[in-house]
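I have placed the structure first, in the form of structure tokens, so that the comments after it can refer back to it.
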Amino acid sequence: MELVFLFATVATVFVSFVDGAGYLQIRPPSANQCCYEDINQAHFSYDRDFCEGPKDWCRVHPCWTTCGSQRRQSPININTKETRYKRYSRLKFDNLNTRVLANIKNNGHAPDFDVDGKFDDEITLCNVPRRPKDKKYNFAQLHVHLGRDENKGSEHAIDNTFKPMEAHMVFYDSDYDGVGEAKPKRNGLVVLSVMIEVYGNNHENNECRVDGTCKVRFAKKLSKLMEKYYEKVRHYPMESFNPDFFNLLGFQRSNSCTNNNCGRTPSPDFIEERCEKEEQNARSVRVTEGITPLDVLPYDTNQFYTYAGSLTTPPCYETVQWVVYKCPIKVSSKASIQLQALYDLI
């Protein structure tokens with residue numbers, strides 16, 4: 001695997017896991033279930049001591065075997081001493097100043113701001129490192145990861161240093177109809193990652209703080225979105241809390257994991273036939289203000305690390321080009337508290 005910093009590349013990277021979103025452990029872990037026959041019922045946990053935890057994701061369902069791969073799994077610790085400097089053209093956005101319509105829902109682990117696919121003026125990205133310059137990717141989703149430790153919630157680390165949160169802006173290859181179709185495809189996704197710190201004092205909110213070589217921007221609009229909408233989707237549908245729920249509905253359960261294909265990627269035919277989940281019933285809320293990557297991007301967008309990696313949660317497909325910005329942003333303490341208060345399904 002090769003990692004590039006800014007305009008940079010390492011021969012080796014190290015996979016690391018943090019106790020990410022879902023740390024509240026509100027739900028009894030899948031009624032003591034470790035494996036699933038039905039992909040629509042498959043559930044993963046961030047609890048490292050549970051059989052649905054990160055080291056066992058590849059055994060939970062045959063569609064998730066890629067999670068056991070040692071090739072290009074994300075997230076990683078970015079060791080800057082092993083990066084290689086390389087100059088790239090700037091990332092190019094179209095319609096970046098447009099606020100696209102969106103909905104927010106609690107997916108059971110984190111709140112997702114999902115772009116409304118019916119919106120005509122799509123925000124697109126091109127000039128992506130290691131992808132054809134004219135290849136376009138459509139903005140589809142924004143979500144923020146939080147950890148069990150309030151100071152170590154980011155998924156990626158830079159020189160073993162984590163931040164309290166990490167925002168991901170997900171873009172998919174415009175040749176496909178959406179993230180669902182693009183994510184198992186080779187080079188199907190691009191994810192822009194921004195580390196997030198927390199402001200402690202409101203009077204500092206409109207200032208840019210200099211931190212080393214970074215000027216840290218207060219992300220006022222993102223803070224307002226988090227403060228307003230995380231409260232609205234705090235609770236996940238409560239049927240998941242009933243330990244007898246799966247039995248009552250006749251779902252097939254399996255506690256003996258016989259999946260021996262960890263590390264292998266399912267075939268395209270298998271993915272098409274077995275791995276597409278039905279639409280979730282999670283209640284969504286309209287984001288009337290809309291969203292844009294400008295809500296999240298740091299002050300300095302010229303400095304970043306880039307590498308070929310994967311989705312950070314099941315099915316862990318290794319189809320993502322990551323762009324991890326060096327400089328963080330800050331959000332309000334109220335925004336951070338609202339994210340911590342979310343109920344999820346570890």
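Listed by first and then second residue, the pairs linking a residue in region 121-146 that is on the phi > 0 side of the Ramachandran plot to a residue that is polar (S, T, N, Q), with Cβ atoms under 9 Å apart and 6 or more places separating them unless they lie on different chains, are N127/S89; R130/N187; R130/T306; R130/Q321.
Could we say that L101 is under 22 Å from G180 (Cα atoms) and in contact with a Gly (Cβ under 7 Å, 6 or more places away or on another chain) here? For L101, the condition - under 22 Å from G180 (Cα atoms) and in contact with a Gly (Cβ under 7 Å, 6 or more places away or on another chain) - is met. Within region 106-121, the set of residues being surrounded by fewer than 18 Cβ atoms within 10 Å (Cβ to Cβ) and either acidic (D, E) or assigned to a strand (DSSP E or B) (or both) comprises D116, D120, D121. Scanning region 300-308 turns up no residue that is farther than 28 Å from P132 by Cβ and surrounded by 14 or more Cβ atoms within 10 Å (Cβ to Cβ). For region 122-137, a residue qualifies if it is surrounded by 22 or more Cβ atoms within 10 Å (Cβ to Cβ) and assigned to a strand (DSSP E or B), and the qualifying residues are L125, Y137. Candidates in region 193-248 are the residues that are aliphatic (A, V, I, L, M) and surrounded by fewer than 16 Cβ atoms within 10 Å (Cβ to Cβ); of these, the one that is modelled with the lowest pLDDT is L248. One residue alone among A167, A140 is more than 22 Å from N302 (Cα to Cα) and crowded, with 17+ Cβ neighbours inside 10 Å, and that residue is A140.
Restrict the check to region 303-325 and report whether at least one residue is among the aliphatic types (A, V, I, L, M) and over 16 Å from the mean Cα position of the chain (by Cα).
No: region 303-325 contains no residue that is among the aliphatic types (A, V, I, L, M) and over 16 Å from the mean Cα position of the chain (by Cα).
The values are calculated or read from the model by the stated rules, or taken from the named source; none is laboratory data. Computed from a predicted model, the values in this text were never measured in an experiment. No Cβ is skipped: glycine too gets one built from the backbone with ideal geometry, and neighbour counts run over all protein chains shown.
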